[in-house]
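Here's the structure we're looking at; comments come further down.
The values are calculated or read from the model by the stated rules, or taken from the named source; none is laboratory data. Only a predicted model underlies this, so the values are computations on that prediction, with no experimental measurement involved. With ideal geometry, Cβ positions are generated from the backbone for all residues, glycine too; neighbour counts draw on all protein chains shown. Remember, those area values only see protein heavy atoms, side chains included, never the ligands or the DNA or RNA. Shrake-Rupley method; radii C 1.70, N 1.55, O 1.52, S 1.80 Å.
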Amino acid sequence: TTVLVDQMAKASSKSNTSVAQLGDAILTVGGTARDMAGGTTELTAVLGVLADNGIKGAEGGTALRNVILSLGAPTDKAAKLLNAMNIEVYDAQGNLRPLPEIFGDLNGQLSTMTQGERTQVLNDIFNKVDLKSVNALMNTNVERWQELTTEIDNSRGAAEKMANTQLDNLAGDITLFKSALEGAQIIVSDQMTPTLREFVQFGTDGISTLSTAFQEGGLSGAMEALGTILSDGLNMVIEKLPEMVDAGMQL
(Lines give C-alpha, C1' and ligand atoms only; values in the text may rest on other atoms or scores of the structure.)
Protein backbone atom coordinates (compact mmCIF):
# COMPACT_ATOMS: atom_id res chain seq x y z
CA THR A 1 0.00 0.00 0.00
CA THR A 2 2.84 2.40 0.87
CA VAL A 3 4.48 1.66 -2.48
CA LEU A 4 1.28 2.47 -4.38
CA VAL A 5 0.77 5.71 -2.43
CA ASP A 6 4.34 6.77 -3.26
CA GLN A 7 3.77 5.89 -6.92
CA MET A 8 0.54 7.89 -6.99
CA ALA A 9 2.30 10.87 -5.43
CA LYS A 10 5.10 10.68 -8.01
CA ALA A 11 2.72 10.18 -10.93
CA SER A 12 0.65 13.17 -9.87
CA SER A 13 3.75 15.37 -9.69
CA LYS A 14 4.99 14.21 -13.09
CA SER A 15 1.71 14.24 -15.02
CA ASN A 16 -1.41 16.38 -15.29
CA THR A 17 -3.40 14.81 -12.47
CA SER A 18 -3.81 14.74 -8.70
CA VAL A 19 -3.52 11.97 -6.14
CA ALA A 20 -7.28 12.13 -5.57
CA GLN A 21 -7.99 11.77 -9.31
CA LEU A 22 -5.57 8.86 -9.53
CA GLY A 23 -7.33 7.24 -6.60
CA ASP A 24 -10.69 7.55 -8.36
CA ALA A 25 -9.18 6.12 -11.54
CA ILE A 26 -7.60 3.14 -9.79
CA LEU A 27 -10.84 2.34 -7.98
CA THR A 28 -12.66 2.39 -11.31
CA VAL A 29 -10.13 0.10 -13.03
CA GLY A 30 -10.58 -2.30 -10.14
CA GLY A 31 -9.58 -5.94 -10.52
CA THR A 32 -8.93 -5.53 -14.25
CA ALA A 33 -5.56 -3.98 -13.30
CA ARG A 34 -4.37 -7.42 -12.19
CA ASP A 35 -3.79 -8.29 -15.85
CA MET A 36 -1.24 -5.51 -16.33
CA ALA A 37 2.27 -6.83 -16.82
CA GLY A 38 3.97 -3.90 -15.11
CA GLY A 39 1.82 -3.98 -12.00
CA THR A 40 1.14 -0.74 -10.17
CA THR A 41 4.01 1.03 -11.98
CA GLU A 42 2.40 0.46 -15.36
CA LEU A 43 -1.04 1.20 -13.91
CA THR A 44 -0.08 4.64 -12.60
CA ALA A 45 2.03 5.43 -15.68
CA VAL A 46 -0.83 4.69 -18.08
CA LEU A 47 -3.25 6.72 -15.97
CA GLY A 48 -0.71 9.55 -15.95
CA VAL A 49 -0.49 9.51 -19.74
CA LEU A 50 -4.27 9.53 -20.04
CA ALA A 51 -4.40 12.46 -17.61
CA ASP A 52 -1.87 14.36 -19.76
CA ASN A 53 -4.50 14.11 -22.48
CA GLY A 54 -7.33 15.38 -20.30
CA ILE A 55 -8.72 11.95 -19.39
CA LYS A 56 -8.69 11.92 -15.60
CA GLY A 57 -10.28 10.41 -12.53
CA ALA A 58 -13.03 7.86 -13.00
CA GLU A 59 -13.12 8.67 -16.73
CA GLY A 60 -9.50 7.59 -17.07
CA GLY A 61 -10.13 4.47 -15.01
CA THR A 62 -13.10 3.50 -17.15
CA ALA A 63 -11.12 4.04 -20.35
CA LEU A 64 -8.19 1.94 -19.13
CA ARG A 65 -10.45 -0.86 -17.96
CA ASN A 66 -12.21 -0.94 -21.34
CA VAL A 67 -8.91 -0.92 -23.24
CA ILE A 68 -7.57 -3.84 -21.22
CA LEU A 69 -10.77 -5.80 -21.78
CA SER A 70 -10.79 -5.02 -25.51
CA LEU A 71 -7.23 -6.31 -25.88
CA GLY A 72 -7.40 -9.14 -23.39
CA ALA A 73 -10.73 -10.55 -24.56
CA PRO A 74 -11.16 -9.26 -28.13
CA THR A 75 -14.12 -9.98 -30.33
CA ASP A 76 -13.56 -12.49 -33.12
CA LYS A 77 -13.23 -9.66 -35.63
CA ALA A 78 -10.77 -7.79 -33.45
CA ALA A 79 -8.71 -10.92 -32.81
CA LYS A 80 -8.43 -11.57 -36.57
CA LEU A 81 -7.33 -7.98 -37.17
CA LEU A 82 -4.71 -8.11 -34.45
CA ASN A 83 -3.44 -11.42 -35.78
CA ALA A 84 -3.31 -10.10 -39.36
CA MET A 85 -1.23 -7.14 -38.21
CA ASN A 86 1.06 -9.40 -36.13
CA ILE A 87 0.14 -7.57 -32.94
CA GLU A 88 0.98 -9.84 -30.04
CA VAL A 89 -1.26 -9.04 -27.09
CA TYR A 90 0.07 -11.85 -24.91
CA ASP A 91 3.64 -13.00 -24.32
CA ALA A 92 4.92 -16.58 -24.61
CA GLN A 93 3.77 -17.30 -21.04
CA GLY A 94 0.22 -16.18 -21.82
CA ASN A 95 0.48 -12.90 -19.89
CA LEU A 96 -0.76 -9.56 -21.21
CA ARG A 97 2.20 -7.59 -22.59
CA PRO A 98 2.85 -4.04 -21.28
CA LEU A 99 0.38 -1.62 -22.86
CA PRO A 100 3.10 0.79 -24.06
CA GLU A 101 4.61 -2.07 -26.09
CA ILE A 102 1.28 -3.17 -27.53
CA PHE A 103 0.31 0.37 -28.54
CA GLY A 104 3.78 0.99 -29.93
CA ASP A 105 3.41 -2.03 -32.20
CA LEU A 106 -0.12 -1.05 -33.14
CA ASN A 107 0.94 2.47 -34.01
CA GLY A 108 3.71 1.11 -36.21
CA GLN A 109 1.26 -1.01 -38.19
CA LEU A 110 -1.31 1.77 -38.53
CA SER A 111 1.28 4.29 -39.71
CA THR A 112 1.23 2.73 -43.19
CA MET A 113 -2.54 3.10 -43.52
CA THR A 114 -4.74 5.99 -44.59
CA GLN A 115 -6.63 7.94 -41.95
CA GLY A 116 -9.86 6.21 -42.95
CA GLU A 117 -8.29 2.75 -42.67
CA ARG A 118 -6.79 3.59 -39.28
CA THR A 119 -10.14 4.72 -37.95
CA GLN A 120 -11.87 1.59 -39.21
CA VAL A 121 -9.30 -0.73 -37.63
CA LEU A 122 -9.48 1.03 -34.28
CA ASN A 123 -13.29 0.97 -34.38
CA ASP A 124 -13.16 -2.78 -34.93
CA ILE A 125 -10.81 -3.40 -32.00
CA PHE A 126 -11.97 -0.90 -29.39
CA ASN A 127 -15.20 0.71 -28.22
CA LYS A 128 -15.89 3.95 -30.06
CA VAL A 129 -16.17 5.85 -26.79
CA ASP A 130 -12.61 4.84 -25.93
CA LEU A 131 -10.95 6.01 -29.17
CA LYS A 132 -9.74 9.27 -27.62
CA SER A 133 -7.95 7.27 -24.93
CA VAL A 134 -6.62 4.76 -27.44
CA ASN A 135 -5.15 7.53 -29.59
CA ALA A 136 -3.62 9.16 -26.51
CA LEU A 137 -1.86 5.93 -25.55
CA MET A 138 -0.84 5.17 -29.10
CA ASN A 139 0.56 8.63 -29.79
CA THR A 140 2.66 8.84 -26.62
CA ASN A 141 6.30 8.46 -27.61
CA VAL A 142 8.71 5.95 -26.13
CA GLU A 143 10.69 8.66 -24.32
CA ARG A 144 7.63 9.84 -22.41
CA TRP A 145 6.73 6.31 -21.39
CA GLN A 146 10.27 5.66 -20.19
CA GLU A 147 10.47 8.98 -18.35
CA LEU A 148 7.24 8.49 -16.45
CA THR A 149 7.90 4.82 -15.72
CA THR A 150 11.40 5.56 -14.39
CA GLU A 151 10.10 8.33 -12.16
CA ILE A 152 7.37 6.09 -10.75
CA ASP A 153 9.82 3.22 -10.23
CA ASN A 154 11.98 5.56 -8.14
CA SER A 155 9.13 6.96 -6.08
CA ARG A 156 10.07 5.75 -2.62
CA GLY A 157 9.31 8.47 -0.08
CA ALA A 158 7.46 10.60 -2.64
CA ALA A 159 4.26 10.81 -0.58
CA GLU A 160 6.12 11.99 2.53
CA LYS A 161 8.09 14.52 0.50
CA MET A 162 4.87 15.81 -1.08
CA ALA A 163 3.25 16.16 2.34
CA ASN A 164 6.27 18.03 3.70
CA THR A 165 6.30 20.34 0.69
CA GLN A 166 2.60 21.09 1.05
CA LEU A 167 3.10 21.90 4.73
CA ASP A 168 6.09 24.19 4.09
CA ASN A 169 4.03 27.40 4.15
CA LEU A 170 1.81 29.40 6.50
CA ALA A 171 -1.20 27.13 5.94
CA GLY A 172 1.02 24.15 6.72
CA ASP A 173 2.33 25.82 9.87
CA ILE A 174 -1.26 26.38 10.99
CA THR A 175 -2.07 22.72 10.28
CA LEU A 176 0.89 21.58 12.37
CA PHE A 177 -0.08 24.03 15.13
CA LYS A 178 -3.63 22.62 15.19
CA SER A 179 -2.20 19.11 15.36
CA ALA A 180 -0.04 20.10 18.34
CA LEU A 181 -3.07 21.62 20.05
CA GLU A 182 -5.04 18.44 19.51
CA GLY A 183 -2.20 16.47 21.09
CA ALA A 184 -2.16 18.84 24.05
CA GLN A 185 -5.91 18.51 24.39
CA ILE A 186 -5.60 14.73 24.60
CA ILE A 187 -2.94 15.01 27.31
CA VAL A 188 -5.01 17.48 29.31
CA SER A 189 -8.07 15.32 28.91
CA ASP A 190 -6.34 12.08 29.89
CA GLN A 191 -4.17 13.40 32.71
CA MET A 192 -5.95 16.36 34.24
CA THR A 193 -9.66 15.75 33.74
CA PRO A 194 -10.04 13.34 36.71
CA THR A 195 -8.28 15.81 39.04
CA LEU A 196 -10.17 18.82 37.72
CA ARG A 197 -13.46 16.97 38.17
CA GLU A 198 -12.62 16.38 41.81
CA PHE A 199 -11.93 20.11 42.28
CA VAL A 200 -15.18 21.05 40.59
CA GLN A 201 -17.14 18.55 42.68
CA PHE A 202 -15.40 19.83 45.81
CA GLY A 203 -16.41 23.37 44.89
CA THR A 204 -20.01 22.32 44.35
CA ASP A 205 -20.14 20.60 47.73
CA GLY A 206 -18.48 23.63 49.37
CA ILE A 207 -21.07 26.04 48.04
CA SER A 208 -23.87 23.79 49.28
CA THR A 209 -22.20 23.61 52.70
CA LEU A 210 -21.86 27.40 52.87
CA SER A 211 -25.54 27.88 51.95
CA THR A 212 -26.69 25.46 54.61
CA ALA A 213 -24.37 26.98 57.25
CA PHE A 214 -25.62 30.51 56.50
CA GLN A 215 -29.24 29.43 56.74
CA GLU A 216 -28.67 27.68 60.07
CA GLY A 217 -26.05 29.89 61.73
CA GLY A 218 -26.05 33.18 59.90
CA LEU A 219 -22.83 34.92 58.93
CA SER A 220 -20.75 33.46 61.74
CA GLY A 221 -21.85 29.96 60.83
CA ALA A 222 -20.97 30.58 57.20
CA MET A 223 -17.50 31.92 58.14
CA GLU A 224 -16.80 28.87 60.28
CA ALA A 225 -17.85 26.58 57.44
CA LEU A 226 -15.69 28.60 55.02
CA GLY A 227 -12.63 28.03 57.20
CA THR A 228 -13.20 24.30 57.09
CA ILE A 229 -13.73 24.38 53.31
CA LEU A 230 -10.53 26.35 52.71
CA SER A 231 -8.55 23.98 54.91
CA ASP A 232 -9.91 20.94 53.08
CA GLY A 233 -9.26 22.66 49.73
CA LEU A 234 -5.62 23.32 50.65
CA ASN A 235 -5.17 19.70 51.64
CA MET A 236 -6.63 18.62 48.28
CA VAL A 237 -4.25 20.92 46.38
CA ILE A 238 -1.27 19.46 48.27
CA GLU A 239 -2.51 15.93 47.61
CA LYS A 240 -3.11 16.51 43.88
CA LEU A 241 -0.05 18.68 43.23
CA PRO A 242 2.20 15.81 42.00
CA GLU A 243 -0.44 14.75 39.45
CA MET A 244 -0.80 18.32 38.20
CA VAL A 245 2.96 18.77 37.88
CA ASP A 246 3.25 15.49 35.97
CA ALA A 247 0.48 16.52 33.55
CA GLY A 248 2.12 19.91 33.12
CA MET A 249 5.47 18.30 32.29
CA GLN A 250 3.84 16.09 29.64
CA LEU A 251 2.00 19.09 28.21
#### Entry: Peptides 45-52, 71-78 ordered by average Cβ neighbours within 10 Å, highest first
45-52, 71-78
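For region 47-142, give the magnitude of the charge dipole about the Cα centre (Cβ charges: +1 Lys/Arg, -1 Asp/Glu; no others), in debye to the nearest 20. Numbers along the way, then the final one.
Working: 8 positive and 10 negative charges, 45 e Å.
That gives a dipole near 220 debye.
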### Message
Could you work out the pair-distance distribution P(r) of region 10-157 from its alpha-carbon pairs, with 10 angstrom bin width and percents rounded to whole numbers?
### Response
11, 44, 34, 10, 1
#### Entry: Thr119/Asp76 FRET efficiency (R0 22 Å; Cβ-Cβ; nearest 0.05)
0.60
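Given a 1.4 Å probe and heavy atoms of the protein chains only, how would you sort Val134, Val3, largest accessible area at the top?
On the way: Val134 0, Val3 95 Å².
Of Val134, Val3, the descending order of accessible area is Val3, Val134.
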### Task
Kindly sort Ile55, Ile207 by accessible area of their heavy atoms, largest first, with the probe set to 1.4 Å.
Ile207, Ile55
### Task
Starting from the Cα of Val5, step 7 Å along the direction of its Cβ; do the same at Glu143; then give the gap between the two resulting points in nm.
3.5
## Note on the structure
The rounded separation in angstrom of the Cα centers of region 56-88 and region 91-116 is 10
### Accessible area of Arg97 in the full protein assembly, 1.4 Å probe (Å², nearest 10)
40
### Task
Quote the charge dipole size of region 79-122 about the Cα centre in Debye, to the nearest 20; the model charges only the Cβ of Lys and Arg (+1) and of Asp and Glu (-1).
140
